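Trainee: The structure's right below; bear with me while I get my questions together.
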Amino acid sequence: MSLDSAQTTAPFPIPANTFVETVTEVEHYTDRLFRFRMTRPASFRFRSGEFVMIGLPNAEKPVLRAYSIASPSWDEELEFYSIKVADGPLTEHLQKIKPGDQVLMRKKPTGTLVTDALLPGKRLYMFSTGTGVAPFASLMRDPETYEKFDTVVLLHGCRESAELAYGTQIVTQTLEDPLVGECAAGRLHHYTCVTREDHPRRMRITEAVTSGRIFEDLGLPPLDPEVDRVMICGSMEMLKDCRTLCEEAGMQEGSNSAPGVFVVERAFVD
Ligand code: A2P
């Protein structure tokens with residue numbers, strides 16, 4: 001259930017243009033990562049892959065941070081995937097939320113990791129590290145993604161295997177989903193890399209691409225600007241290296257106003 005400001009239990013006034021939503025589910029994966037679900041306002045529309053500003057009603061001027069919406073646009077609730085930072089202005093509090101708690105959400109979603117910002121293509125590559133997998137958890141569960149692309153590849157890199165759990169869970173859910181499972185079957189590929197412990201693919205995602213290993217393993221041709229499209233989400237350094245990699249493959253960056261061959265967005269949260 002969505003609440004209007006008169007119904008909240010918060011001792012502080014609710015900022016303008018902000019929804020107050022109720023947490024419905026929380027799942028912790030590691031001491032650094034968790035996801036939560038909350039109610040979705042009936043009037044809230046977004047495109048799969050977009051982000052929105054999130055905060056807690058715990059201050060006169062609450063701290064709001066950009067969070068990719070991890071649930072698809074058809075879902076009746078909203079899901080978010082978050083890092084926990086011990087002294088992070090928002091996440092030190094957000095990591096303690098429980099079902100029934102309230103979360104603030106600004107009314108306007110935005111972002112470039114949307115299929116509208118890409119030219120039509122054959123294969124969609126989603127390059128992610130850490131919590132940068134969140135927008136792709138939305139896109140991979142959206143039937144429109146499979147209407148626009150024949151093949152969808154989620155490439156996800158983390159420090160440790162335990163940090164891959166959310167991505168793996170979402171891929172499994174997608175394949176079992178009554179709405180999207182059939183479209184995704186045989187067309188959605190999940191390729192994981194781990195950098196800081198033993199793993200069959202112990203490397204950064206950039207190395208998986210530049211070495212050609214991912215293409216060999218999946219039986220796909222190397223990146224081709226004519227037919228391949230790339231979305232990138234991770235840390236600033238990761239974005240920089242992935243952008244260079246795409247440019248070296250002859251790809252041009254796109255935006256909502258000028259669709260292109262690849263698009264980039266920072267995984268913002270601290
Ligand atoms: P590494 O362990 O070599 O730093 P983080 O949790 O710090 O965001 O990192 C998530 C994953 O992203 C880690 O595996 C990390 O590897 C990797 N990573 C960090 N920087 C880059 C980069 N510039 N390009 C590709 N992967 C990166």
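Any read-out appearing in this document is the output of simple, stated calculations on the displayed coordinates, not a laboratory observation. Values in this document were obtained by computation on a predicted structure and should not be read as measured data. Cβ: placed from backbone, ideal geometry, glycine included. Neighbour counts: every protein chain shown.
Trainee: Over the chain, what portion of Cα pair distances is larger than 36 Å, expressed as a whole percent?
Mentor: Percentage above 36 Å: 13.
Trainee: DSSP beta bridges in the chain, what fraction antiparallel, as a percent rounded to 5?
Mentor: If I count the DSSP bridges inside the chain, around 50 percent turn out antiparallel.
Trainee: Now, a different point. Taking 4 °C and 1.567 mPa s as the conditions, I'd like the Stokes-Einstein D for the range 34-162 in µm²/s, using the Kirkwood hydrodynamic radius from alpha carbon pairs.
Mentor: Answer from the Stokes-Einstein relation: 83 µm²/s.
Trainee: A further question follows. Can you compute the modelled spin-label distance between residue 243 and residue 74, with each label point 7 Å from Cα toward Cβ, in nm?
Mentor: Distance between label points: 3.5 nm.
Trainee: I would also like to ask the following. Neighbour counts of other C-beta atoms within 10 Å: give me 199, 190, 156 arranged from fewest to most.
Mentor: Ascending number of Cβ neighbours within 10 Å: 199, 190, 156.
Trainee: Taking neighbour Cβ counts within 10 Å as the exposure measure, how do 211, 128, 68, 73 sort from fewest upward?
Mentor: Fewest-to-most ranking of 211, 128, 68, 73: 211, 73, 128, 68.
Trainee: If you don't mind, there's one more thing I want to ask. Cα to Cα, under 28 Å, and not fewer than 8 places away if on the same chain: which lysines meet these conditions relative to residue 107?
Mentor: The qualifying lysines are 61, 84, 96, 98, 148.
Trainee: Let me ask something additional. For the range 11-81, divide the Cα radius of gyration by the Kirkwood radius and give the resulting Rg/Rh value with two decimals.
Mentor: The Rg/Rh ratio comes out at 0.96.
Trainee: Can you give the helix-only mean residue ellipticity at 222 nm for the chain, where every DSSP H stretch with n ≥ 4 adds -39500 (n - 2.57) and the sum goes over all residues, rounded to the nearest 500 deg cm²/dmol?
Mentor: -5500 deg cm²/dmol
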